[in-house]
Amino acid sequence: MRTARLVRARSLTPGVRELTFDPGPGHSFVPGQWVNLFDAAGDKRSYSIASAPRADGTFDLAVTHVLHGPMSTLLHALPIGAELRMADAQGFFVMDPVVRPVLMVATGTGLAPFRAMLQHLVSTPPTVPIWLIAGHRTQADLLYRDELEALPLRTFRYWPTLSRGGPTWRGSKGWVQAHVPPALAALGTDVDVYVCGLTHMVHAVRDLCRRELGVPRKQVHAEKYD
Ligand SMILES: Cc1cc2nc3c(=O)[nH]c(=O)nc-3n(C[C@H](O)[C@H](O)[C@H](O)COP(=O)(O)OP(=O)(O)OC[C@H]3O[C@@H](n4cnc5c(N)ncnc54)[C@H](O)[C@@H]3O)c2cc1C
């Protein structure tokens, strides 16, 4: 157990706040892992680290405000300099060696571990395609859009889709599930699929890939937030 201090914060979208914590010396993690944060009563919640490891040890979280949710409400109001108890990073939702095309599928802040993985890949750019289907409600909810569009990875494709895309939205519409079959038609089914978000979507994409599209079972990796 350690203490993490909030050193920076910014609003990413109307419902998502990015918080940058300094966990103190000796903390390490692999992109894709998450940390447990504790409130004053000792209740804990998990948050995926949304940045690749940095020399100064700080890391970003991207937190959705859940209505009446105690921890996300606390994190959205947390002042700079505040300290929280934190357990070291853990979890198995990390990238296998990149030996085949990769399809990442996220909804909402399910994007967080993929931002960490993608930032990390920039230092050792793969030659195979790395595609990210990112589902959000509206254009205002698009998370890290500018950053993802500018990501310096030659083989990367950012594929946002909006479930409530308005008339000015020229990109894909609908749920992420709808875009997985065309993505795999292009990438082939010998891919590594990583899917992260709420259970309903994670199960739908996982089952679609394994049962209907023929992706080998062990090449479909999933992380659920609820
Ligand atoms: C491994 C892991 C990693 C996680 N990483 C993140 C993360 O990076 N960012 C993040 O915002 N949350 C993340 N979560 C969810 C987080 O742990 C909390 O569940 C969430 O912040 C709600 O906590 P709360 O105390 O505010 O609300 P609670 O009263 O505990 O409400 C929980 C309910 O909120 C809903 N919920 C949980 N997470 C989300 C979400 N992201 N978007 C919409 N609804 C949600 C679910 O229906 C869940 O049942 C992660 C969960 C797990 C298990």
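The values are calculated or read from the model by the stated rules, or taken from the named source; none is laboratory data. Since the model is a prediction, treat every value here as computed from it, not as a measurement. All Cβ positions, even for glycine, are placed from backbone atoms using ideal geometry, and neighbour counts span all protein chains on display. We work out accessible area using only protein heavy atoms, side chains counted, and drop any ligands, DNA or RNA first. Shrake-Rupley method; radii C 1.70, N 1.55, O 1.52, S 1.80 Å.
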Show me the helices (runs of 4 or more DSSP H) entirely contained within the range 55-169 in which 1 or more residues are of a type outside the set (Asp, Glu), within 16 Å of the ligand (Cβ to nearest atom) and touching a Gly at 6+ places or on another chain (Cβ under 6 Å). 112-121
Need the failing condition index for Val99 against (1) touching a Cys at 6+ places or on another chain (Cβ under 9 Å); (2) open to solvent by 70 Å² or more (accessible area, probe 1.4 Å); (3) of a type outside the set (Ser, Thr, Tyr), just the number. (1)
So, Val176, is that one touching a strand residue (DSSP E or B) at 6+ places or on another chain (Cβ under 7 Å) and touching a residue at least 40 places away in the same chain (Cβ under 8 Å) or not? yes
Under 6 Å between Cβ atoms, which residue pairs at least 6 apart in sequence (or on different chains) link something in the range 65-93 that is at pLDDT 95 or above with a partner that is small (Gly, Ala, Ser)? His65/Gly15; His65/Ser72; Val66/Ser72; Leu84/Ala4; Met86/Ala4; Phe93/Gly32
For a quick check of your reading of the model, give me the residue pairs whose first member lies in the range 33-45 and is touching a residue at least 12 places away in the same chain (Cβ under 8 Å) and open to solvent by 50 Å² or more (accessible area, probe 1.4 Å), whose second is in a loop (DSSP other than H, G, I, E, B) and not polar (S, T, N, Q), with beta-carbon atoms closer than 6 Å and at least 6 apart or on different chains. Trp34/Gly91
Odd one out for Trp169 among (1) surrounded by 15 or more Cβ atoms within 10 Å (Cβ to Cβ); (2) within 18 Å of Val102 (Cβ to Cβ): (2)
Qualifying positions in the range 182-204 - out of contact with any Gly (no Cβ under 7 Å at 6 or more places or on another chain) and within 16 Å of the ligand (Cβ to nearest atom): Tyr194, Val195, Leu198, Thr199, His200, Met201, Val202, His203, Ala204
Considering only the range 200-218, I want to know if a residue exists there that is surrounded by 13 or more Cβ atoms within 10 Å (Cβ to Cβ) and at positive phi. no
Can you tell me how many residues within the range 36-54 are near the ligand (Cβ under 9 Å from one of its atoms) and not in a loop (DSSP other than H, G, I, E, B)? 8
Considering only residues that are touching a residue at least 12 places away in the same chain (Cβ under 8 Å) and not aliphatic (A, V, I, L, M), look in the range 97-111 and name the one that is farthest from Ser163 (Cα to Cα). Arg100
